[in-house]
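Everything on this sheet refers to the single structure shown next.
The values are calculated or read from the model by the stated rules, or taken from the named source; none is laboratory data. These numbers were taken from a predicted model, which means no experiment stands behind them. Positions of Cβ are generated from backbone atoms using ideal geometry, with glycine treated the same way; all protein chains shown enter the neighbour counts.
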């Protein structure tokens, strides 16, 4: 099966690589040592080098301005990045599936809400909505910023997910085998288990993979505009407050290195490449799953 479906094979291999990196990466000695700052390197001849360091044998991807190994930062941030992306996408689909299911079973009010929801947010770039919302002072300085950011990004496209689920369920309900099930006395629960969800889940799984790629792109774009999700407002001894990033996720690395695009291009390039790899992984995996389910006739 995998030989006939290279997209599924390649996507699965890329996903396995990401999962292994997320699990093992933070525990590697190389990674732990690499995230320790070291702005100066003293040379044997008496000279010195000042961070950021260009890519070399000691720094395969170069270093940031603190002298931290970018490869170590990328490996350390894999888990945080994937968990953040999966959390946002999972919330979006949990809410969207529930609302779409209600709307498909004569939930006219919910159906109308989903239509309006989808039309409003599909007519404007999601990144602008997220930036406008997350840069409001009331959300910048709150201690609940992380969850507000995650939920707000997830809810922006709940309407699209809900409309898709509703339309698919309505289509399945009109099929002859569903009518036959009703005629023989199958309960609504039995119809859902044997007819509704087996026909809806394949498309939902494919769309879920594609949406992970969409969310990853949004997270990366937010980083470019220096809008971070994993950020806390901490009071300093001087009486002033400071926004501090609390994670090594890749959008944070990308945002902090935006100013280095002309002077130390390897810093934003490392984070951008990692983000692109995740997007590519789930797009390829989603296409592979689509081909697989089409071959099965589901």
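Values as computed for the structure displayed
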read-out	value
Hey, residue 75 part of a helix (DSSP H, G or I), under 25 Å from residue 218 (Cα atoms) and modelled with pLDDT of 90 or more or not	yes
Residue within the stretch 34-44 that is part of a helix (DSSP H, G or I), at pLDDT below 90 and within 24 Å of residue 228 (Cβ to Cβ) present	yes
Residue check, residue 49 touching a residue at least 60 places away in the same chain (Cβ under 8 Å), in contact with a strand residue (DSSP E or B) (Cβ under 9 Å, 6 or more places away or on another chain), surrounded by 13 or more Cβ atoms within 10 Å (Cβ to Cβ) and more than 26 Å from residue 145 (Cβ to Cβ)	no
Output for the stretch 255-266, where each listed residue is in a helix (DSSP H, G or I) and farther than 15 Å from residue 76 by Cβ	255, 258, 259, 260, 266
Condition check for residue 177: over 30 Å from residue 166 (Cβ atoms) and either modelled with pLDDT under 90 or surrounded by fewer than 16 Cβ atoms within 10 Å (Cβ to Cβ) (or both)	no
Test: residue in the stretch 134-152 that is in contact with a strand residue (DSSP E or B) (Cβ under 7 Å, 6 or more places away or on another chain) and buried (at least 17 other Cβ atoms within 10 Å of the Cβ)	yes
Residue 59, sole failed condition from (1) in contact with a strand residue (DSSP E or B) (Cβ under 8 Å, 6 or more places away or on another chain); (2) part of a helix (DSSP H, G or I)	(2)
Criterion violated by residue 226 - all others in (1) in contact (Cβ under 8 Å) with a residue 12 or more places away in the chain; (2) surrounded by fewer than 19 Cβ atoms within 10 Å (Cβ to Cβ); (3) on the phi < 0 side of the Ramachandran plot satisfied	(3)
Selection count, the stretch 122-141, where residues are assigned to a loop (DSSP other than H, G, I, E, B) and touching a residue at least 24 places away in the same chain (Cβ under 8 Å)	2
Which listed residue, of 213, 220, is farther than 22 Å from residue 165 by Cβ, outside any loop (DSSP other than H, G, I, E, B) and within 20 Å of the chain's Cα centre (by Cα)	220
